[in-house]
Structures are given as C-alpha cells and as structure tokens.
Amino acid sequence: MTLPGASLAHHVHSLITKVVIPAGVFAVAAIAWPAYGQEQGIEEITVTARYREQNLQETPLAISAFSGDLLEDRGAADTADIEMFVPNAVIAPLGAGWGSTMAAFVRGIGLNDNILSYEPGVPIYIDDVYLGRNQGAILDLLDLERVEVLRGPQGTLFGKNAVGGAVRFISSKPQGGGGNISITVGERDRLNVRGMLDVEVVPDVLLARFSGSSKTQDGYFDILDYECVNGPGSLGGGGTGVPPIPGLGFPGLSIDLGSAVNESGNCVVDELGNENVQSGRAMFLWHASPEIDVTLSADVTHQHQKGPADKYVRFYRPGTPEAGLSEFWNFAVGVPIFGVAWDDRFLTDSPYTNYNRYVDPVSGRTFPNVNDVDEYGIAGAVEWQISPELNIKSITAYREFKNSFGRTSSGSPIPLDLTWDVTRHDQLTQEFQFTGRAFDRLDWTAGFFYYTADDSNYQSGSLFPGVIYQQDSHDTQDATNWAVFVHGVYDITDQLALTAGIRYTDDEKNAYISRHNFDGTDRLPVPGFTTQTSPGLVPIAETNWSPTVGLDYQVNDNLLLFAFYSTGFRGGGFSPRPANGLQLANFLSENLDNYEGGFKSEWFEHRLRLNTNVFFSIYSDQQVFRGDLPDASGAQWFHQINSGESEYWGVEVEAQANPIENLMIDSTLGYIHHELTDPGFSGQCVEFANGDPCYSTRTPEFTFAIGGSYEFNLGDRGTLTPRIDARYQSKIYFLPYTADLGNNVASNPIEGVQEGYTVVNGRITWVSPSTDWDVQLYAVNLTDKVYFNGKLPLIGIGLGREQGNVAPPREFGVTVTRHF
C-alpha cells in the first residue's frame, strides 16, 4: 500500500484553495451570527450506523441523516431523490438498457452497469438487510423513520461492496396508533395515493403497521412515427435486397418499414418515462418479554411501465474512422433491405422525442417497450437484551425480484440494436450481532454475516444484424459470502475514545455463460481456438481482511473532533458480455484505503450545526473496462481487468441553521479531486489532448445544495410554510475514460458528458390548526432545466451513436394529506 504523505504534501496548495477556504465560508458565517433569544433549534437525529443508538453529532463518521418528516418536507419520493441533500453523491437511474437499475455513486465510486456479476460500490440496506443488486433498487421512500448515507468505505461493519459508502433505509416501527392518507395530483395525469395505519393488536404486546403506495403518471417522452413527421416514403419503401456477399446474412431480403400504427391521431405512437408502480409493507412488533422484541416485516413492489426516456444526442460523423462499422452495415445490409441508411436523419429537435420502434421485421421478434419489476421481501429480527451489558440481535431475510425490460438502441425504425432482458435475483441473508459494554469503558460489537444468492439474466439481442450477431444469451450465477467481524470503541478518557475493528470475508461465485445464435447454434466454440461449449464456467473465490482504526475527541458538548483510517473492497466477477469461449475470464476484487478527519459542531444554543470532514483515498487494483483489445481470434472483447491506482481527496461540509424563529436553512458542499496515479496496463487516459484531466465516472468536482423554509403562523387558520431547494452539480462523465472509448473520444471530451447544472424544487405547505390536514403545492425542476441522468457514448467503439436518459421536465402538482 502506498502511504499518503507524499501525495498529501503535493496537494497542500489545492487543499487550501479548494477545501479549506470553502469550509471557512461556512465557519465565518457561524462566527458572525447574532444571538437571538428563541429556543426553536435544529432537529436532533439518532443514528445506528455503528450498531447502537447515537446522536448524529456524537458519531465520528461522515454520515448524512434525514428523518422521514424532513424527506417529506423536501418532496423526496424515491431512492434517486436522496442525492439532492448529500455532498459528493450522485444517485440516479442508470437509464434505458439497464432496466430498473440505480446508479449510486459516493466519492466517485459506484456501479455503472447491471450485469449480474457486477456488485454495487454503494450498497443499499433496508432495515439492515443488504440488497445484493442495485437492479430493482429504485425504491419508493415509503413510511421511513430515517435515511442514513454513510460516505467512504464501510468494510468493517458493512462488509463487501461498501467501498464507496452505504445507504440505509430505516422503516418506521409500529407505535400502537395513528395513520394517514394522502392523494397527489399533478401534470401528465399524475395520481399518487399513499397511506399508513398503525394499530395495537394486543395492547402493549403486539403492534402492527401497514403502509402502501400507488403512483401513476403519463410519460414525458414521446416516440414519433418517422413517416408521419417527415412525409410518406421518407423511410425508403424497401431496398433492392442484400447481395449474396459471403459472411452476410439475409440474401435477397427487402423490407418496407412503412409507418407505425398511430392510435392517437397524431405522430405520437408510444411513450417513455411514465410511472406505474404500487408498493406495500406490513410490519409487526411483538414485545415477547421485557427483554425480547421480535419484528416481522414483509414488503412488495409491483412496477408495470414503459422504458426510461432514451434520447439520441449524436450519430457518427460520416467519412471518419468512427463511422466505419455503421457505414459498412448501411452499404451491405441496411440500405439493401430497407432502402434507407441509418444516420443522423433520425435525430429530433426536441429533447423529449425519438423515432424508436420495438419490432424486428428481420427476425420476426418483438422487444416490448416495458420496464416491469416484481419484488418481494420478508424479514425477521429478534433482539434479546440478556443483561444491561450484553445484547444479541438476529436478522434473517429473504428477497427476490424479477425485472423484464425491452430496449431499442437505434433511435429509429431500423432494427439495428434491440434487446429483451429478463433478470431474476433471489437472496437469503442471516446476520448475528452481539453488542455490549465491558470494563465500564469499552463498547464492543461482534458479528457473523451470511449471504447466498442465485442470479440469472436472459437476453434476446440483435446488434448490426447480418454483420455482428442475432443471439440469445443466458447467464446464471450462484454466490456465497460469509464474514465475521469485531468492532470496539474504548473510552481512553471521558473525552478521548479509540475505535478499532476488523472484518474477515470469504466470497465465492460461480457463473455459467451460454450464447446461441437465433438459429440455435452455439456461439462459444471458436474453430481453431477453443472447443468450449455453452454453458461455460467462470469461477471466482477470494478472501479479504477489512480493518479500521480511529480517534475522536469530545472537546465539549458542542464540538467533536475525529480522525480515522478505514478500508473497503468490492468483490470480483466475470467480464461482461462475452461473445465466445475465449472471453470467459474473471476479474478480482478492488480495494480502497481511506484516511479521514473532521469535526462536528453546534453553535448558538443549537441553532447552527456545522459538520466538516476531509478525506484522502487510495483506490487500488481497480476494476476497469477495456474494449479496444480483441481476443485471440480477433473478435471485439469487452474485457474487465484489474489494473491501476487512483487517488481521491476532497472535502464535505454540511450546515443547518435556525437563525431566527421559524426560519430553517440547510446546505451542503462537496469537492472531490480525482487523479490517476498509475494507469497500469488498463489503457486509462491521464489527460485529455486539450489539457483537461480525465475524470472518474459520475464524479462531479463540485456539488452544492441549499434549501430553506419559513413557517408563517396564521393563528386559528393554521400555518403556511414555503420551502425551496436547489442543487448544483458540476460537469460529469458517464463512461470510464479508458482506451475502449478510442483516441477520437479521449482527445475530444464531448462524448458522454453532462455539463454543470442546477435543479430547483419548491413547495408551499399549509397545515390546519389541529394538524389533522395539510396541503402541499409543489414544483419539481422549477426552472425546467434539460439535463441527463446518464449517457451511453458508443461512437468511439464503432457503434455509431450516443444516447442518454434525459431527466423529466418541470412538473406542478398538489398533495392533500389527512392524519388521524
């Protein structure tokens, strides 16, 4: 491991100008604050990130925590909305082609694909149950007590894959009474209904809580009929037939694409980006004895909607090297069959339209425009307080999901690139946690974790048919992971504490890969190179030690100083999308060493909270993607390898203020610097030709958010509270900057980029005098900003286009809630 001293010294000047000064702005504001004689203060939040209840301000970790009420006040509806309030975090849908997959990145580390072998860099936990896949993780924020976002590696307490951090959803537990129901109506025929009922089944013994949600809304992205927009015959009317060229399929075939069926009386034939999801949860809390509590829960999510918005922003430049494959396919297959070339004629002027079609007349297959999810989970937790010094907790859970989704990736009626995927995931987890206190100074935790999962993905796909493939893929994987861990906090003095812990993990996977042409022939054998047939086996087995150590010093009741070293790792897998038996290769785990320090403080009688931390991380044995090196047969290989080392360092500032009665202000600032210190043999670029440094995927240099609310007391007419939130995110790249993007892209950093932008949300809330009713008028994306959650630039590897998941436009609506 490389020690950080030299690198830190090298970055001192940047640390001062980009880290210390911005943090100082918050601090100066704190020092200059006038004193007021009111006692409203800032909400106190209790967290359990270290397996015991602690006040957020007394927890020496980089952690953002939000109560369920605060999330509701800010209009957070699902997992993706959390990024609005977390520094150095990008949490957004991955986009078309990946189904219902969440791309969660913290401090530059996350997940950028949905291949079942890939594991999340920032895992999501529901009531301490680990979700093994970020696919199916776009979850409704339904009846939550709080959300915790831990930044930086959490390998000791949270195990594998928490290399960038962890997101914890903590559900509200039964209280024995109460409930609510709310209805939301908004633009594009939005209709949301949510409700909660909390009851005592057996007084003081058995409590139950039921919650449910239904969300529907029309899509914001229209699919247009090309000939309706551009006139009859503009699709060519069919070609003269494919010539009998050796190696090319479909000789003599000619197809008139014509017009799509138009049911609406205009040029709109379908839509993307709609919403139709229902979810529910039931939780039972049994006080079995004064020392034993048993919690049983079950949840279900059903999603049946169209695919994510998929905008085509650029096609290949004719006559350049990047156009080679596309122009050859047009000449040999596309124009002879359809009578029209696949090119930039299929770009539309609006960011919210394209010319997609989901039927392949060549193969006769349909690739439905759907993104369906069925997800279920059950969990049981038993907590037994054996004595005041010893507590045991067992968490047993089973979860499963099925995600079916279709996609066309040509932006046109031409069946150039279509896929239909069915992904299944089943997992069983068991965790035992032992917590206690010894010697009147040591808070200790020990535990055991077990995880087993079965995954599968079937894909029917056609890519440049007649030239590359029309194939059926079927991948399965069984995974087993177990770990033991210990963690302790020793009070050296009443103010100074030492934290130390370590985790041992054993991780094993076996993946089975099958590839067949549409005619049923096996694609894995390569004559003269390999006789491997389907299914081919790719095994992975590894172990890992993840230690942590730190010190914290409680200067007084309002100031905590801390510094620590932490580690994390992400498990290995198999290289994605192997085309033949030569490409059945695995990659191993990657590791992160993190050095961090900071303070947590409150000022002016708890009316100003200011938390700041700085970090320096070394990312080694990185799992990087290469597509520029063919396999031994010359076939293109999407090869995942371990190579290279990077450094990340930065600052995070979180502030909350109650400067005058009824006024609340909160803000976050994140800065992160990434530097590739050792490219290894990965082909990663260090610097673009224009001098700009190459970026880490989905890693903005700056994130900044600010929000505020003011409560007007209307006397016997209740209260009225306007609130506004804004978040700025600087430029980010959506695809790794490795050599697979090609020199054209590396020297011309316009591909796969979202320039910096600001999103503003607002709402006005009226609460009745009895607090039984509240009405919220809301606006999302108030300035109607056009921006992308993600982009897929495939021009550099010859696939001819760049497409992206454009975010929804502005929306207005109203929510009415009745509490009882």
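The values are calculated or read from the model by the stated rules, or taken from the named source; none is laboratory data. Because the structure is predicted, anything quoted here is derived from the model rather than measured. As a convention, Cβ positions derive from the backbone with ideal geometry for all residues, glycine included, and neighbour counts pool all protein chains shown. To get the accessible areas, we keep the full protein, side chains included, count just its heavy atoms, and leave off ligands, DNA and RNA. Shrake-Rupley method; radii C 1.70, N 1.55, O 1.52, S 1.80 Å.
Per residue, the average separation of C-alpha pairs within less than 8 Å and at least 6 apart gives region 433-544 a relative contact order of 22 percent.
Using a 1.4 Å probe on the protein chains only, how many percent of the accessible area of region 313-380 belongs to carbon and sulfur? The C+S portion of the solvent-accessible surface of region 313-380 is 61 percent. Rounded, prolate or oblate for region 127-251? Axes are the square roots of the Cα gyration tensor eigenvalues, ordered a ≥ b ≥ c, and the cut-off for rounded is a/c under 1.5. Oblate.
Just how far, in whole angstrom, is region 529-578 from region 105-149 if you go by their alpha carbon centroids? Between the Cα centre of region 105-149 and that of region 529-578, the gap is 15 Å. For the chain, a Kirkwood hydrodynamic radius built from all Cα pairs, placed in the Stokes-Einstein relation at 25 °C and 0.890 mPa s, yields a translational diffusion coefficient of 87 µm²/s. Projected onto their three principal axes, the Cα atoms of region 416-464 cover extents of 69, 18, 9 Å, largest first.
Could you list log10 I(q)/I(0) for region 558-632 at q = 0.20, 0.22, 0.24, 0.26 Å⁻¹, which the Debye formula gives when each Cα is one point scatterer? Those come out to -0.90, -0.98, -1.06, -1.13, one per q.
Probing with 1.4 Å while keeping every protein chain in the model, the per residue accessible area of the chain equals 38 Å².
Summary value for the chain: 12 percent relative contact order, contacts being C-alpha pairs under 8 angstrom separated by 6+ residues. Centre-to-centre, using Cα atoms only, region 202-225 and region 413-445 are separated by 23 Å. A dipole drawn for region 511-633 from +1 and -1 charges on Cβ atoms has a positive end, and of 582, 595, 560 the residue lying farthest that way is 582.
If the chain linking residue 516 and residue 605 were pulled fully straight, counting 0.36 nm for each residue of separation and taking away their Cα-Cα distance, it would gain 25.2 nm. If R0 is 51 Å, what FRET efficiency do you get for residue 250 and residue 205 from their C-beta distance, rounded to 0.05? Rounded to the nearest 0.05, the efficiency is 0.10. Put simply, when 453-461, 150-158 are sorted by average Cβ atoms within 10 angstrom per residue, most first, you get 150-158, 453-461. Pairs over the 29 Å Cα-Cα cut-off, from the set 173/509; 402/509; 600/791; 311/509: 173/509; 600/791; 311/509. Our compactness index for region 534-573, the C-alpha radius of gyration over the empirical 2.2 N^0.38 Å, is 2.23. Distance between Cα centroids, region 274-299 to region 581-645: provide it in whole Å. That distance is 35 Å. A simple charge model with +1 on the Cβ of Lys and Arg, -1 on the Cβ of Asp and Glu and nothing else charged puts the dipole of the chain at about 1040 debye relative to its Cα centre.
Across region 288-402, the convex hull enclosing all Cα atoms gives 218 Å³ per residue.
One compactness figure for region 446-513 is 2.10, namely its Cα radius of gyration divided by 2.2 N^0.38 Å. Residue separation of residue 506 and residue 189 scaled by 0.36 nm, minus their Cα-Cα distance, works out to 109.1 nm of gained length. Farthest towards the positive end of the charge dipole of region 197-319, among the residues 295, 234, 267, is the Cα of 234, using unit charges on the Cβ of Lys, Arg, Asp and Glu. When only C-alpha pairs under 8 Å and at least 6 residues apart count, what is the relative contact order of region 82-218, in percent? Contact order relative to length: 17 percent.
Calculated [222 nm] ellipticity per residue, helices only, for the chain: -1500 deg cm²/dmol; basis is -39500 (n - 2.57) per DSSP H run with n ≥ 4, divided by all residues, nearest 500.
Each Lys or Arg adds one and each Asp or Glu takes one away; over the other residues whose Cβ falls under 14 Å from the Cβ of residue 183, this sums to +2. Sequence-ordered 3J(HN,Hα) estimates for region 715-726 from the Karplus curve with 6.51, -1.76 and 1.60 and θ = phi - 60° stand at x, 6, 9, x, 10, 10, 10, x, 9, 9, 10, 9 Hz, glycine and proline given as x.
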